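The values are calculated or read from the model by the stated rules, or taken from the named source; none is laboratory data. Owing to the predicted nature of the structure, the values given are computational and were not obtained by experimental measurement. We place every Cβ from the backbone using ideal geometry, glycine too, and count neighbours over all the protein chains shown. Surface areas here come from the heavy atoms of the whole protein model, side chains and all, with no ligands, DNA or RNA. Shrake-Rupley method; radii C 1.70, N 1.55, O 1.52, S 1.80 Å.
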Amino acid sequence: MPDPALAQQMVDTQLRRRGITNERVLAAMAAVPRHRFASFDSNASAYGDHAFAIDCEQTISQPYIVALMSEALEVTPNARVLEIGTGSGYQTAVLAELGATVTTIERHGHLSQQAQHLLDELGYTRQGHIQFVVGNGANGYPEQAPYDRIIVTAATEHYPQSLVDQLCDDGGIMVYPKGPANGAQTLYKLVKRNGGLNQIDLGSVRFVPLVGHNG
Ligand code: SAH
């Protein structure tokens, strides 16, 4: 099967069927060539219903989880998004498809550079809307705060107060997994409005730990 057909099949069977309804998110997931983010040769497997390993002992999330997080983030065109954990750059590409302006931070220079090369090649960096930062994002990236949206793609052990502080007060949204490295983790959507916070539980998940995070 050609890759666009595999991507469309992924959208229909894994995302729509499980309740992802945002058409912009579904179109973004159909458009990003997920097989290019895999280091193995099987394209069918790259679009499969599972996470897979990338370099530096990290993982690229299952398509459904990427879609769920992207939908929960309510990305509007030109929204300023902070992504913590660039990894392969797959989620970054989905955010770019959604029209976001993204600052993405990754502690492994190798992964950050690899992601940047691939996103350059795929045309996602052309408009200058993606900034790659190598460093520790456990406490966010205050240099450019506040952000309209924050997405954390590694699990925080504690409530991430420093990240909440970097979210804009008027309708800022953060999506993050919280829980111990090898235990039960929960995906949360946090909305900040007029100084008040509202947090929604999106279900249980399994992410690599956010290194160096201590609340
Ligand atoms: N969103 C990625 C998957 C990321 S896996 C994708 O689509 O491929 C989580 C990533 O978070 C890993 O690459 C890991 O190195 C990174 N990470 C973990 N702790 C970090 C920290 N404190 N600062 C920056 N990046 C971190």
Candidates GLY140, GLY109, filtered to the one that is without any contact (Cβ under 8 Å) to a residue 60 or more places away in the chain, small (Gly, Ala, Ser) and within 23 Å of LYS192 (Cβ to Cβ): GLY140
THR86 being part of a strand (DSSP E or B), hydroxyl-bearing (Ser, Thr, Tyr), crowded, with 20+ Cβ neighbours inside 10 Å and in contact with a strand residue (DSSP E or B) (Cβ under 8 Å, 6 or more places away or on another chain): no
Residues within the range 44-61 that are more than 10 Å from the ligand (Cβ to nearest atom), surrounded by fewer than 18 Cβ atoms within 10 Å (Cβ to Cβ) and in contact (Cβ under 8 Å) with a residue 40 or more places away in the chain, tallied: 1
Sole exception among (1) part of a strand (DSSP E or B); (2) open to solvent by 50 Å² or more (accessible area, probe 1.4 Å); (3) in contact with a Phe, Trp or Tyr (Cβ under 9 Å, 6 or more places away or on another chain) for GLN131, by number: (3)
VAL11 being at pLDDT 95 or above, touching a strand residue (DSSP E or B) at 6+ places or on another chain (Cβ under 9 Å) and either aliphatic (A, V, I, L, M) or closer than 30 Å to LYS192 by Cβ (or both): no
Single residue of GLY140, GLY203 found to be on the phi > 0 side of the Ramachandran plot, touching a Leu at 6+ places or on another chain (Cβ under 7 Å) and assigned to a strand (DSSP E or B): GLY203
Criterion (near the ligand (Cβ under 8 Å from one of its atoms), over 20 Å from VAL205 (Cβ atoms) and open to solvent by less than 20 Å² (accessible area, probe 1.4 Å)) met by exactly one of LEU98, LEU111, LEU119: LEU111
Positions within the range 168-215 being among the aliphatic types (A, V, I, L, M), over 16 Å from the mean Cα position of the chain (by Cα) and more than 14 Å from the ligand (Cβ to nearest atom), in sequence order: ALA184, VAL191, LEU197, ILE200
GLY99 vs. criteria part of a loop (DSSP other than H, G, I, E, B), of a type in the set (Gly, Ala, Ser) and within 25 Å of CYS168 (Cβ to Cβ): yes
Flag if PHE40 is over 17 Å from the mean Cα position of the chain (by Cα) and within 15 Å of the ligand (Cβ to nearest atom): yes
